[in-house]
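Participant: Take a look at the following structure, please.
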Amino acid sequence: ALKIPTIGIGSGIHCDGQILVLNDMIGLTERSPRFVRRYLNMGDEIGRAIKGFKEDVLKGDFPKKEERYE
């Protein structure tokens, strides 16, 4: 009934625009609201990257000579 554009967060199709928090949309939060569609699970990807980095450092595989300034 409004004559001005309306923007909503999880308000459904009756708004002119929708706000989505990028962190929810790409999976940086554990739980997303039900109105968010996850397009990526970046939290898991970041966790895998950190684990891989830690493992490489602990076994002495990082940094290699070509990854250092001497």
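The values are calculated or read from the model by the stated rules, or taken from the named source; none is laboratory data. Bear in mind that the values here come from a model prediction, so they are computed numbers and not experimental data. Glycine also receives a Cβ, built like all others from the backbone with ideal geometry; neighbour counts cover every protein chain displayed. Side chains included, ligands, DNA and RNA excluded: accessible areas come from the protein's heavy atoms. Shrake-Rupley method; radii C 1.70, N 1.55, O 1.52, S 1.80 Å.
Participant: What about Arg48, is it among the basic types (Lys, Arg) and within 22 Å of Ser11 (Cα to Cα)?
Facilitator: Details: among the basic types (Lys, Arg): yes; within 22 Å of Ser11 (Cα to Cα): no.
Judged against the criteria, Arg48 is not a match.
Participant: Mind listing whichever residues of region 6-36 are assigned to a loop (DSSP other than H, G, I, E, B), in contact (Cβ under 8 Å) with a residue 12 or more places away in the chain, open to solvent by less than 100 Å² (accessible area, probe 1.4 Å) and not small (Gly, Ala, Ser)?
Facilitator: Result: Ile19, Leu20, Val21, Ile26, Leu28, Thr29, Pro33, Phe35, Val36.
Participant: State all residues of region 37-62 that are outside any helix (DSSP H, G or I) and either more than 15 Å from Val21 (Cβ to Cβ) or in contact with a Gly (Cβ under 7 Å, 6 or more places away or on another chain) (or both); if no residue qualifies, say none. Even if it seems obvious, please write down each step before you answer.
Facilitator: Start the filter on region 37-62 by keeping residues that are outside any helix (DSSP H, G or I), which leaves 37-41, 59-62.
Across region 37-62, the qualifying residues are Arg38, Leu40, Asn41, Lys59, Gly60, Asp61, Phe62.
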